Amino acid sequence: MDTLKKTIVGKELYSYQKTAIEEVFKKFEGAPDNYHLLYQLPTGGGKTVIFSEIVRRYLSLYNKKVLVLTHRIELSKQTSNMLNEFGVKNKIINSTAKLDDQKEYDCFVAMVETLNNRLNDNKLDISDIGLVIVDEAHYNSFTKIFKFFDSSIILGVTATPLSSNIKLPMYENYDELYVGESIRYLIENKYLSQAEFFSYNVGLTSLEVGANGDYTVKSSEDLYASSDMLSKLVSAYEETSKGKKTLIFNNGINTSIQVFHAFKRAGYPIAHLDNTNTKKERDFILTWFKKTPNAIITSVSILTTGFDEPTIDSIILNRATKSLTLYYQMIGRGSRILENKSTFRVIDLGNNFHRFGPWGADLDWQRMFKAPDYYLDAILTDEEIESNFTYEFSADLKKEFAKSEDTFFDMKREYLETIRAGQSSKKVLEKSIIHHAKMCIENSEDLWDALALAKLLGEEIDDRINRYCKCISKSTHNFVTWLKDDYRKKLNAYLRANFDEDYEKIHGHPPIEE
């Protein structure tokens, strides 16, 4: 691994970080007033280290001050600590900070909302600030500050140069994008770990998209807090990550709490963390997580940025997102490298892999920056993604139905054949129920076994119904919900009415009565 030949106040920089710093200062030289530069570097590449050295060097070269903006209080504190490591005396401007000593500082760190209030109240002297650094610059909330700094250079840093608001593209606020090293480069040169992907197909047609362009918390909670999805999550963990230090991301506090209880019941060491936890609780949980080799944290949003724990071996995306930035942030939490860690696992339960492609794919950031709509319009819809799915049984479910040679039912083909034969589309569901019943009877000794197995088919039933509804072009939420419930009732009724007869046809003898 390349390292800087000299150490800066106890902090060592890598060669690619040195190169980035030199390039940034070249762009600063001769730049006009109000020059806005956006710098892209993957999560784990050391953006905070790089801009801390930029601050240190800027203060030594120019007779002006520096302001660093963050969007969370935790990030403000982390940034302040990193600047201290680089020998940069700085002051955090929060809601309680006194500003009568501001002349003693050349560098300030502030949350965007707090600073906006202070500036509107004229309580901070910004006349001599020459450089403004915006951390996590893709958050569009920062742009409200820019009007105060029309004579300053603004440097935004981000892993993904896509605005969090598609109506406010980043090219409108930044003059130029400077692209740093790729994830592929950082992996190949041992700066980041390689992600191993395990993707589980999930039906997302019940999810709704909110005003922010991403899936709503309520619709996500309805899906991911269900017993079927909780069971799928635990099974996915047991198949791919059992015994590994794991971080689970959810879209909703209730979902995360239900995940906590599901893993607790299964006997696994797990803690729940969200933004309602106190600092003391958060510190306690994160310390436990760091020290416990097989620990699991289930969380909501709070650990997507500013959280650095290299011992994480597994990331579970127990949610769907339409945000490329969030997708990269979540996976990036597992990418930190250690001497005995060169890979980590990503378990995707939100079809995110199909939506965005593999983490670290060769993306054209420049084109994305200049024409974000071109990229966003090319993302597959949930319907397009799911139309290519073939439902896959989990390992546990395969064991339960081990005696069945044929567990696949081609809903689209059966629908077309049924309609061409002049029969009602409802006939397709009858065929599907008979197929499911056959699977249950093949793997049962008595009716009660068959009924128990039918309960395990919940997710597969939902998948078939979703496909059926696409065929008949009728998919209102209430109708689909009713149809799924009706299907289950009819499957149970069929088993009760036909178990003995079908059992003898399949096994060659009547069921053995005890």
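Using the structure shown, decide if Ile154 is in contact with a Phe, Trp or Tyr (Cβ under 9 Å, 6 or more places away or on another chain), in the same structural domain as Leu75 (by TED's automatic domain parsing), crowded, with 22+ Cβ neighbours inside 10 Å and touching a residue at least 40 places away in the same chain (Cβ under 8 Å).
yes
Check Thr407 against each of (1) surrounded by 15 or more Cβ atoms within 10 Å (Cβ to Cβ); (2) under 22 Å from the mean Cα position of the chain (by Cα) and name the one condition it does not meet.
Among (1) surrounded by 15 or more Cβ atoms within 10 Å (Cβ to Cβ); (2) under 22 Å from the mean Cα position of the chain (by Cα), the lone unmet condition for Thr407 is (2).
Give the residue, chosen from Leu457, Leu447, Leu380, that is aliphatic (A, V, I, L, M) and farther than 30 Å from His509 by Cβ.
Leu380
State which residue is nearest to the chain's Cα centre (by Cα) when the search covers only region 220-243 and only residues that are within 18 Å of Thr481 (Cβ to Cβ) and of a type in the set (Gly, Ala, Ser).
Ser220
Across region 64-89, what is the number of residues that are closer than 21 Å to Phe146 by Cα and not basic (Lys, Arg)?
Residues in region 64-89 being closer than 21 Å to Phe146 by Cα and not basic (Lys, Arg): 10 in total.
Pick from region 157-177 the residues that are modelled with pLDDT under 85 and among the hydrophobic types (A, V, I, L, M, F, W, C): which of them is surrounded by the fewest Cβ atoms within 10 Å (Cβ to Cβ)?
Step by step, filter region 157-177, then rank; the result is Leu168.
Which count do you get for residues in region 362-391 that are over 22 Å from Leu162 (Cα atoms) and part of a loop (DSSP other than H, G, I, E, B)?
5
Taking helices (runs of 4 or more DSSP H) that fall entirely within region 392-500, which contain at least 2 residues that are at pLDDT 95 or above?
426-442, 447-456
For region 75-104, give me each residue that is hydroxyl-bearing (Ser, Thr, Tyr) and either farther than 21 Å from Val49 by Cβ or surrounded by fewer than 16 Cβ atoms within 10 Å (Cβ to Cβ) (or both).
First, pick out the residues of region 75-104 that are hydroxyl-bearing (Ser, Thr, Tyr): 76, 79-80, 95-96.
Answer for region 75-104, where residues must be hydroxyl-bearing (Ser, Thr, Tyr) and either farther than 21 Å from Val49 by Cβ or surrounded by fewer than 16 Cβ atoms within 10 Å (Cβ to Cβ) (or both): Ser95, Thr96.
Is at least one residue of region 180-187 surrounded by fewer than 15 Cβ atoms within 10 Å (Cβ to Cβ), touching a strand residue (DSSP E or B) at 6+ places or on another chain (Cβ under 8 Å), in a loop (DSSP other than H, G, I, E, B) and not assigned by TED's automatic domain parsing to the domain that holds Arg333?
no
Is it the case that Ile419 is more than 28 Å from Asp500 (Cβ to Cβ), surrounded by 15 or more Cβ atoms within 10 Å (Cβ to Cβ) and over 37 Å from the mean Cα position of the chain (by Cα)? First the steps, then the outcome.
Working: more than 28 Å from Asp500 (Cβ to Cβ): yes; surrounded by 15 or more Cβ atoms within 10 Å (Cβ to Cβ): yes; over 37 Å from the mean Cα position of the chain (by Cα): yes.
Answer is yes for this residue.
Going by the conditions given, is Thr79 free of Cβ contacts under 8 Å to residues at least 60 places away in the same chain, within 27 Å of the chain's Cα centre (by Cα) and outside any loop (DSSP other than H, G, I, E, B)?
Here the answer is yes, as Thr79 does meet what is asked.
From Lys218, Lys232, grab the single residue that is basic (Lys, Arg) and in contact with a helix residue (DSSP H, G or I) (Cβ under 9 Å, 6 or more places away or on another chain).
Lys232 is the lone residue from the list that is basic (Lys, Arg) and in contact with a helix residue (DSSP H, G or I) (Cβ under 9 Å, 6 or more places away or on another chain).
Please count how many residues of region 122-144 are closer than 17 Å to Asp101 by Cα and surrounded by fewer than 17 Cβ atoms within 10 Å (Cβ to Cβ). Before you say what the answer is, go through the steps one by one.
At the first step, the residues of region 122-144 found to be closer than 17 Å to Asp101 by Cα are 122-129.
Now restrict to residues that are surrounded by fewer than 17 Cβ atoms within 10 Å (Cβ to Cβ): 122-123, 125, 127-128.
Count: 5.
Give me the residue from region 453-475 that is without any contact (Cβ under 8 Å) to a residue 12 or more places away in the chain and touching a helix residue (DSSP H, G or I) at 6+ places or on another chain (Cβ under 9 Å) and, out of that set, farthest from Ala437 (Cα to Cα).
Filtering first and then ranking leaves Lys474.
Does any residue of region 106-113 turn out to be outside any strand (DSSP E or B) and without any contact (Cβ under 8 Å) to a residue 40 or more places away in the chain? Full working, then the answer.
Initially, region 106-113 is screened for residues outside any strand (DSSP E or B), giving 106, 112-113.
If we keep only those that are without any contact (Cβ under 8 Å) to a residue 40 or more places away in the chain as well, we get 113.
Yes, the conditions are met somewhere in region 106-113.
The values are calculated or read from the model by the stated rules, or taken from the named source; none is laboratory data. Computed from a predicted structure; not experimentally measured. With ideal geometry, Cβ positions are generated from the backbone for all residues, glycine too; neighbour counts draw on all protein chains shown.
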